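Beneath this line is the structure, given in structure tokens, with notes to follow.
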Amino acid sequence: MLEIAVGIILGCCALGAGAAMIAGIGPGIGEGNAVAKACEAIGRQPECKGDVTTTMLMGCAIAETTGLYALVIAILLIFVAPSRFVDILLTVIK
Amino acid sequence: MKSESRRFRAVDILYILMMILPLVFCIVLKVLTKPLSEGIDISGALVYFTIKMPIQDLPVTESQVNSLMVMISILGLCLYLTHGMGKGQLKTRHHIAEFLVGKADGLVKSNMDEHFRNFGPFITAILALSAFSSLISLLGLYPPTSDVNIVGGWAIVVFVLITYYKAICGPVQYIKSFCDPVLLAPLNIISEVATPISMAFRHYGNVLSGAVISVLVATGLQGLSKMIFSFLPGFLGNIPFLQIGLPAILSIYFDVFSGLLQAYIFAMLTMLYISGGFPAELFNKKKIKKI
């Protein structure tokens, strides 16, 4: 019985981590848009390539933040949460 | 004259040792204390020892030791670059130092308010510390920036500075700046608190995700080459041929490019947040009144 409970905990943590990473879609679309616009801008005004590139990298890194929140949650769910949850389960049983 | 130049050279060697020895110390410490493990290895920083403290024990981890050693190393680099400056002819390294300082001042000048002219050293310190902390992973060491405690500390320092410059016109103005439209005050407070959290998570998440992906790819290639080349006789079957190449390219992106980009972004956001929260018009008005 205990094995099944631990297995459910581990499986649900993995599922949750996978579901959290769906958030990676957002930054992907956003950064793609940003790079497309930057390419257009460089095509229109090739002389300001340096400025556009630095601004674009900056904006990309900030747009990435939401994806990184999801990543942090996924990493916590995989590496930290299972042992915590199993500890809680064992203390509840006792 | 001869003894002078010999002394100069001796100090030079001392500074170079100051640059290199901390990193060697880190590597030796890691080799001596790291437990042996096979295959996949994604773990946090090693805990070297714990100090007993009244409220909570203070663990001294690999990341703290590494970041301190990086600081000493950067100090050695700076001393080496500026050694003998102002005496006699300018050398190549003096030109390099001048170039770096000029670049940093230009960055601060183009991104911050008139009031923050002397912020160059602080911004450069953050930039150099972050960049070198990320680059230390090229030596096989644990990069301190992939530990949320270290980056969180930097973010808290920046947050204290932001709050200081926001409240420079008195606490009444500071509270007033939150309730510009009164209804949005809770949202403004939440976004203010979210600033250090998002800065810390952005930097640490980027570096950590790079490390995790590198380890996963390397382990996957090891397993794959074991599967494909297992028919080879003797020790040839154990050599992971597929691990040549791809992990190195990933390392160039994740360790070098991503680390430097995150350092630049951290410094940039520091400048933008400090300069953005500063009530310049009000401050100038007060200054004129005082005079």
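In chain B, the sites counted are trypsin sites (Lys or Arg not before Pro) in DSSP loop states with at most 12 other Cβ atoms within 10 Å, and the longest stretch holding none of them, exclusive of the sites, is B:88-291.
The calculated FRET efficiency for the pair residue B:235 and residue A:2, based on their C-beta separation and a Förster distance of 51 Å, comes to about 0.70. Only Cα pairs under 8 Å and 6+ residues apart enter the sum, and on that basis the relative contact order of chain A stands at 48 percent.
Between helix A:25-44 and chain A there is an angle of about 10 degrees, using the helix long axis and the longest principal axis of the Cα atoms. Electrostatic bookkeeping for residue B:48 treats Lys and Arg as +1 and Asp and Glu as -1; over the other residues with beta carbon under 14 Å from its beta carbon, the sum is -1. Each Lys and Arg Cβ is given +1 and each Asp and Glu Cβ -1; about its Cα centre, the protein assembly as shown then shows a dipole of about 1320 debye.
A simple spin-label model places pseudo-atoms 7 Å from Cα toward Cβ; at residue B:10 and residue A:36 they are separated by 6.7 nm. Shape class for the protein assembly as shown: oblate, because the ratio a/c of the largest to smallest gyration tensor axis (alpha-carbon atoms, square roots of eigenvalues) is 1.5 or more and b/c is at least a/b. Here are some pairs, B:176/B:289; B:109/B:286; A:94/B:34; B:166/B:290; B:176/B:286; which of them have Cα atoms lying more than 26 Å apart in this structure? In this structure, A:94/B:34 exceed 26 Å between Cα atoms.
Extension gain for residue B:31 to residue B:85 (0.36 nm times residue separation, less C-alpha to C-alpha distance): 15.6 nm. Relative contact order of chain B, please, whole-number percent, based on alpha carbon pairs below 8 angstrom and at least 6 residues apart. Normalised by residue count, the contact order of chain B is 21 percent.
When the chymotrypsin sites (Phe, Trp or Tyr not before Pro) in segment B:62-131 are filtered for DSSP coil states and for at most 14 other beta-carbon atoms within 10 Å of their beta-carbon, no site remains.
Between residue B:260 and residue B:68, full extension at 0.36 nm per residue minus the direct alpha carbon distance yields a gain of 67.2 nm.
When A:40, A:64, B:192 are arranged by Cβ crowding within 10 Å, least crowded first, meaning fewest neighbours, the order is A:40, B:192, A:64. Rounded to the nearest 20 debye, the dipole size of segment A:2-93 about its Cα centre is 80 debye, using +1 on the Cβ of Lys and Arg and -1 on the Cβ of Asp and Glu. Taking other Cβ atoms within 10 Å as a rough exposure proxy, B:95, B:203 sort from fewest to most as B:95, B:203. Measure nothing fancy, just the Cα-based angle from helix A:81-93's long axis to the longest principal axis of chain A, in degrees from 0 to 90, nearest 10. Around 20 degrees separate the two axes.
Taking the helices alone, chain B has a mean residue ellipticity at 222 nm of -23500 deg cm²/dmol, built from -39,500 (n - 2.57) per DSSP H run of at least 4 residues and averaged over all its residues.
Gain on full extension, evaluated as 0.36 nm per residue between residue B:286 and residue B:47 minus their Cα-Cα distance, stands at 80.9 nm. Segment A:2-93: D in µm²/s via Stokes-Einstein (Kirkwood Rh, Cα pairs, 10 °C, 1.306 mPa s)? Translational diffusion coefficient: 100 µm²/s. For chain B, the longest principal axis of the alpha carbon atoms and the long axis of helix B:280-290 meet at an angle near 40°. Taking Cβ atoms as reference points and 11 Å as the exclusive limit, the residues near residue B:279 contribute a net charge of +2, counting Lys and Arg as +1 and Asp and Glu as -1. How many nm separate the modelled label positions at residue B:138 and residue B:244, each set 7 Å beyond the Cα in the direction of the Cβ? Distance between label points: 2.3 nm.
The numbers here are math on the coordinates, done by the rules we state, and not lab data. Computed from a predicted structure; not experimentally measured. Neighbour counts are summed over all protein chains in view; Cβ atoms, including those assigned to glycine, are modelled from backbone coordinates with ideal geometry.
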